[in-house]
Amino acid sequence: MSMSDEVVKLKKKQRRESILQTSLVVLAEKGIEGTTMREIARLEKISETLLYRFFKNKYEILIAIFQSYVLKTIEKLNEFRETIKGMIPDPEQTLPIIVKLAKKKLTENEPLISFIQKEGPHLPEHFQHIRTMAKVDIQFRKQIVEKIQELRIDQAFNDYFERCKNAGNLREDVDINVLTNLFLRLLISPMRVNFFTEEGNMPVLSEQQREQLIMQQIDIILKGIVPQKRRMVK
C-alpha cells in the first residue's frame with residue numbers, strides 16, 4: 001500500500017469516528033426516533049451523499065456506536081455499581097465520595113450516558129427494528145440488550161439508601177425510590193447546565209463549577225434526609 005493510500009485510509013477512519021461522535025450527540029439529545037441522517041450530516045458539515053457512503057441509515061450508525069463505545073462504558077458503570085454496594089451506609093460520609101466517582105464515569109462519555117438513560121428501556125424494541133434494516137451480529141445484539149437490562153444503577157442506589165435507613169442514618173419517612181430518582185437526576189443535570197453570558201452564548205460549566213454545584217445540592221439533600229438529631233450531634 002502506497003503512502004497516499006495510507007493517508008486516504010487514515011482520513012476515512014478519522015471521518016468515520018467523527019461521524020459517530022456527532023451522531024451520538026444527536027441521539028443523546030433527540031433519541032433514535034428523532035434522529036435523522038440529514039441532521040447528522042448538517043452537524044458534521046458534510047453532504048448527505050457523503051454520509052451515506054459511510055452508513056446506509058441511522059441504524060447502522062447506532063450499531064457502530066454500540067460496537068465502539070457501549071460495551072466499554074457499560075463495564076465502567078458496572079464497576080461503579082459494585083462500588084456503591086460496598087459503600088458504608090452513612091450518606092454524610094459516602095455520598096460526596098459517590099458523587100466524585102460518578103462524575104468521573106459520567107464525564108468519560110457524557111453523550112453516551114445520556115443516550116442510554118433516554119433509550120435504555122426501548123433498546124430491545126429498536127434492536128428488533130435494526131435486524132431488518134441493517135446487518136448486525138445476533139450474538140452481539142443479544143449481549144448488548146442483556147448488559148443494558150442488567151445495568152440497574154437505580155437498584156444499587158435503592159439498596160444503598162435502604163441500608164442507610166436501616167442503620168438509622170436516613171429519615172424513616174424518606175421514600176427510597178423518590179430519593180434515588182432525585183439523586184440520579186442530580187448527577188446528570190450539571191453536565192447539561194449552562195450559564196447565559198451577556199452575548200447570549202451558553203458556555204459549558206467548568207469542572208470546578210460543576211463540582212461546586214453538585215456539592216451544594218448534596219448538602220441540601222443531606223439536610224432533608226438525615227435525621228435531625230443525628231445532624232445536631234455532629
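Observations
- Test: residue in region 47-54 that is surrounded by 15 or more Cβ atoms within 10 Å (Cβ to Cβ) and of a type in the set (Val, Ile, Thr): no
- Qualifying residue in region 67-79 (condition: over 19 Å from LYS13 (Cα atoms), not aromatic (Phe, Trp, Tyr) and not in a helix (DSSP H, G or I)): no
- Positions within region 14-41 being among the charged types (D, E, K, R) and modelled with pLDDT of 95 or more, in sequence order: ARG38, GLU39
- Of all residue pairs spaced 6 or more apart or on separate chains, those with beta-carbon atoms under 8 Å, a first member in region 211-225 that is without any contact (Cβ under 8 Å) to a residue 40 or more places away in the chain and part of a helix (DSSP H, G or I) and a second member that is among the aliphatic types (A, V, I, L, M) and loosely packed, with under 14 Cβ neighbours inside 10 Å are LEU213/VAL193.
- Neighbours by Cβ (under 8 Å, 6+ apart or cross-chain): first from region 7-22, surrounded by 13 or more Cβ atoms within 10 Å (Cβ to Cβ); second assigned to a helix (DSSP H, G or I) and among the acidic types (Asp, Glu): SER18/GLU44; ILE19/GLU44; THR22/GLU44
- Only a single item in (1) modelled with pLDDT of 70 or more; (2) of a type outside the set (A, V, I, L, M); (3) farther than 23 Å from THR83 by Cα; (4) over 20 Å from the mean Cα position of the chain (by Cα) is not met by GLN209, and it is number (4).
The values are calculated or read from the model by the stated rules, or taken from the named source; none is laboratory data. Note that this is a predicted model, so its numbers are computed, not measured. Because the Cβ atoms are built from the backbone with ideal geometry, glycine has one as well, and the counts that use them run over all protein chains shown.
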